[in-house]
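Take a look at the structure set out below.
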Amino acid sequence: MLKNGKLKLPDKLGGLVSGFDDKEMKNGGSDPVLESGEELEIMEPNGIELGHKENAYEFDDLVNDTDVDNEDAFRTRKRPDKDGSGQVSVMEVIAADEKRSDVEYELSQKEINLEKLRRIASMGLPDGGGLRATAWKLLLGYLSPSHDLWEKELTENRQKYAMLKEELLLSPSEYTRVKEDAMISAELSGEHDDAGPLKRQGISHGDHPLSIVKASAWHHYFKHTEIAEQIDRDLLRTHPDMKFFSGESSFSKKNREAMRKILLLFAKLNPAIRYVQGMNEVLAPIFYVFSTDTDEQNAVNAEADSFSCFVRLLSDSVDHFCQQLDNSPVGILSTLSRLAELLKENDEELWKHLEFTTKVKPQFYAFRWITLLLTQEFNFQSILRIWDSLLSNPFGIQDMLLRICCAMLLCMKSRLLSGDFAANLRLLQHYPDINIEHLLRVAQDLSADTSSYSLSL
């Protein structure tokens, strides 16, 4: 459902996005915008492949092979810690404790002050204790500021998600069996004078698994098989060095299965977009944070909560996944142009060098940065820190995302000014190690007109 060119979320989970009728009319036609399983690719100049998605999981030789020295659950992509040596000073420990106390205090209030929470989150939320999970739910609008409403809101949303799964993810035979079991249970628990035999509902010819009728429930079920297979392939490559996502343990398999259900349900509810490769990477931080919540009830319901927050997160950038909207005001090319303008405003020398001297256009490197919310450019801990800033920005996710992308260019200015087309493209497609806190400070200090940016939730 669209309103004023933006994806409009329904109340709670509701029907979600049923189509893109308004946008399809503007772009001349009503065909699906994206084919099932279509991949995200970095746009290629002169027909030369530059960073096809198949290579998005490889590592550049600019990054050494040292694993992140941390718990196994945080070992990601064989990228080193980008925040320095890993040594923590006494002052840093004290500062972390103070920040944790500040977050705990804010989240314990009967009425959450979202402005204060945003300020704290923009400086980085503490790991562990479920604080980041609760804060993200508030920042995404999944939880209301009123603490007393949380239990009711969570219960309603989780029940609606369970109903959606039952209706859309079960095969027609499984769905029929569930309904029949429910009817039998209701009859057995009720008082009946008639002790006659229980009746089974027949299956019509059109609902037979071999039916070729397009309106058949089985036809719709099998139509999404190819999407499900694409999702399965992508999930196997999601953070391959993290035991949480990767491997053959029952733990990692359970997590991948939950993510599979979320992505497949999103695809079925959004026939104009379906599933696009890379959405698994956007879902991963949300599902990880919610699953590792120390509140057992929240962790058990991480799948349902992640689905709703994933939908809310994509509502601000879903147009970037639609190829037929690339040239529209809400498409990816328009966003890339805004990035170029932001760079020009803050460093015209670097902008001219990239734009005219080396001709390294934003679409050659920033396409993946923007569509996947920087989840392919940094290690997992750094991604969580960056997302604290993205979600807490009062002007919206896209505003902060473009600021960080621009800061990534400014922080590499000297290397970019001395590089040619090939060297600069390689540098930006395989972004090197950097101090994340420094990067975010540069992004925050950029001059930009944020009046046109807003987060639609």
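The values are calculated or read from the model by the stated rules, or taken from the named source; none is laboratory data. Here the structure is a predicted model, which means the values were calculated and not measured. Here the Cβ is made from the backbone with ideal geometry for all residues, glycine too, and neighbour counts use every protein chain on show. Areas reflect the complete protein model, heavy atoms only, side chains present, ligands, DNA and RNA absent. Shrake-Rupley method; radii C 1.70, N 1.55, O 1.52, S 1.80 Å.
Of the residues P240, P271, only one is touching a residue at least 24 places away in the same chain (Cβ under 8 Å) and over 21 Å from R368 (Cα atoms); which?
P271
Criterion first (in a helix (DSSP H, G or I), open to solvent by 30 Å² or more (accessible area, probe 1.4 Å), modelled with pLDDT under 50 and within 30 Å of F287 (Cβ to Cβ)) does Y221 satisfy it?
Criteria not met by Y221.
Looking at the stretch 310-342, which of its residues are modelled with pLDDT under 80 and of a type in the set (A, V, I, L, M)?
V318, L325, V330
Could you identify the single residue in G247, G278 that is at positive phi and under 14 Å from the mean Cα position of the chain (by Cα)?
Result of the check over G247, G278: G278.
Confirm whether W369 is free of Cβ contacts under 8 Å to residues at least 40 places away in the same chain, in contact with a Cys (Cβ under 8 Å, 6 or more places away or on another chain) and aromatic (F, W, Y).
yes
Just to be sure I understand, how many residues within the stretch 379-418 are among the charged types (D, E, K, R), touching a residue at least 40 places away in the same chain (Cβ under 8 Å) and under 23 Å from Q363 (Cα atoms)?
Selection size over the stretch 379-418: 3.
Could you give me the residue pairs with C-beta distances under 6 Å whose first residue belongs to the stretch 147-159 and is farther than 9 Å from N301 by Cβ and free of Cβ contacts under 8 Å to residues at least 60 places away in the same chain, whose second residue is surrounded by 13 or more Cβ atoms within 10 Å (Cβ to Cβ) and among the aliphatic types (A, V, I, L, M) wherever it lies, and which are 6+ apart or on separate chains?
Every condition considered, the pairs that remain are W150/L143.
Could you please give the count of residues in the stretch 104-122 that are closer than 23 Å to V442 by Cα and either more than 21 Å from the chain's Cα centre (by Cα) or crowded, with 22+ Cβ neighbours inside 10 Å (or both)?
6
Select, from I227, I286, the only residue that is β-branched (V, I, T), crowded, with 17+ Cβ neighbours inside 10 Å and within 14 Å of the chain's Cα centre (by Cα).
I286
Would the stretch 327-339 turn up any residue that is small (G, A, S), surrounded by fewer than 20 Cβ atoms within 10 Å (Cβ to Cβ) and in a helix (DSSP H, G or I)?
Scanning the stretch 327-339 turns up at least one residue that is small (G, A, S), surrounded by fewer than 20 Cβ atoms within 10 Å (Cβ to Cβ) and in a helix (DSSP H, G or I).
Quick one: which helices (runs of 4 or more DSSP H) sit completely within the stretch 344-457 and have at least 3 residues that are buried (at least 18 other Cβ atoms within 10 Å of the Cβ)?
366-371, 380-392, 397-410, 421-429, 436-445
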